[in-house]
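The next block holds one structure in the form of structure tokens; read it before the comments.
The values are calculated or read from the model by the stated rules, or taken from the named source; none is laboratory data. If you're wondering where the values come from, they're calculated on a predicted model, not measured in any experiment. For neighbour counting, all protein chains shown are included, and Cβ atoms are generated from backbone atoms with ideal geometry for every residue, glycine included.
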Amino acid sequence: MTTHSAAERKTVRIAMNGVTGRMGYRQHLVRSILAIREQGGVPLGDGTVIWPEPVLVGRRPHALRELATRHGLDPEAVSTDLDAVLADPTIDVYFDAQVTLAREEAIGKAIAAGKHIYTEKPTATGLDGALALARQARDAGIKHGVVQDKLFLPGLLKLKRLVEGGFFGEILSVRGEFGYWVFEGDWQEAQRPSWNYRAQDGGGIVVDMFPHWEYVLHELFGRVETVQALATTHIPRRWDEAGEAYDATADDSAYGIFQLAGGTVAQINSSWSVRVNREELVEFQVDGTEGSAVAGLRGCRAQHRSATPKPVWNPDIPATERFREQWQEVPDNGEFDNGFKAQWELFLRHLVADEPYSWDLLAGARGVQLAELGLRSSAEGRRLDVPELHL
């Protein structure tokens, strides 16, 4: 890390691998790192700021240079040679947003080169590999973080406020609905890359989404102790980016039941073959003895015990109650930044100022573990324990 004049700016050079992909470009480069630069850096509170300096890494040099030029970055600060970038002593952090199959090897190389690590998830294709990376990072003495963006969504931040304020009383259950219809690619272009639907390329909704559910449940409600899942491929044939048909070998839908420490039961449905009939693309309903809430990406509605209506089941007459209107909006009570950017800022403060940070490679390994056990549960048709992980 380089300190500039009068100790006013601390520059952190970040090798960003995978920024030509949808997530790496939109959320991490544009809405996080470039947005941080546009606001003048990350203030440390003592008159100095952290200044991220991205170095774009990937396989297509022309695409990398075009991105750099488009956003006012040095067009020479790009590379298709990851080994050369990792050998550069001026690089402080390695960030990975590649496809999952390429991530584990690249992170291992970066740790061996002494770079700090910040990465998308899943961190590896299996639990053994994820734990090996966490141990390697621990032994190397480097700092490391894993993206856990949904914790920073406005809706879940409001939900967390309710949890911490004791609004629910005893939390009984959590019900989650996630997903939308991803077009097959024949008559309308698919919204997701085709590799997501090929198991041999690291695709599958369990591998993609169960790591998210692990940290959401763990952070807000308690550690996941058991999992019972059914993963399936509802749409067996899709068309790729070139218009060629292919067999979908990865699961596109998963139905999971998770038992949490303390007894709360969570049920989460995840699907890329479901049409949306809810307020947002993901919603969580939390029911407790004193109240309930429904949280999405941005909004959160609550209903206290004292305001709970008393419906009576009667299928012989039309329903007259407007149930959704009986819930109260939880106010913002503050401004919410982009979740990816907010976590980048926390990691940079952890890196430079040694502020606390808990979402490390071990946390990433817990997500890989839950996905692995979820797939195994589906294959074996039974509920499985989720052992607590230790390095």
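Data table
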quantity: Where a residue in segment 351-379 is free of Cβ contacts under 8 Å to residues at least 60 places away in the same chain and its partner, wherever it lies, is assigned to a helix (DSSP H, G or I), with Cβ under 6 Å and at least six apart; calculated: 355/349
quantity: All positions within segment 329-350 that are under 15 Å from residue 24 (Cα atoms) and in a helix (DSSP H, G or I); calculated: 339, 340, 341, 343, 344
quantity: Unique residue being part of a helix (DSSP H, G or I) and either in contact (Cβ under 8 Å) with a residue 40 or more places away in the chain or under 19 Å from residue 234 (Cβ atoms) (or both) when the list is 174, 207; calculated: 207
quantity: Residue match in segment 77-88 (condition: modelled with pLDDT under 95 and under 29 Å from residue 363 (Cα atoms)); calculated: no
quantity: Filtered residues of segment 351-391 (kept if in contact with a strand residue (DSSP E or B) (Cβ under 7 Å, 6 or more places away or on another chain) and either in a helix (DSSP H, G or I) or on the phi > 0 side of the Ramachandran plot (or both)); calculated: 351, 352, 361, 363, 364, 370, 373, 374, 375, 376, 377, 378
quantity: Residue count for segment 300-328, restricted to those that are within 13 Å of residue 162 (Cβ to Cβ) and either touching a helix residue (DSSP H, G or I) at 6+ places or on another chain (Cβ under 9 Å) or part of a loop (DSSP other than H, G, I, E, B) (or both); calculated: 6
quantity: In segment 230-268, the residues that are free of Cβ contacts under 8 Å to residues at least 40 places away in the same chain, in contact with a Leu (Cβ under 9 Å, 6 or more places away or on another chain) and not hydroxyl-bearing (Ser, Thr, Tyr); calculated: 263
quantity: Those helices (runs of 4 or more DSSP H) lying entirely in segment 60-153 with at least 2 residues of a type outside the set (A, V, I, L, M), over 14 Å from residue 18 (Cβ atoms) and touching a residue at least 60 places away in the same chain (Cβ under 8 Å); calculated: 127-140
quantity: Yes/no for residue 183 being among the aromatic types (Phe, Trp, Tyr), without any contact (Cβ under 8 Å) to a residue 24 or more places away in the chain and either touching a His at 6+ places or on another chain (Cβ under 8 Å) or in the same structural domain as residue 239 (by TED's automatic domain parsing) (or both); calculated: yes
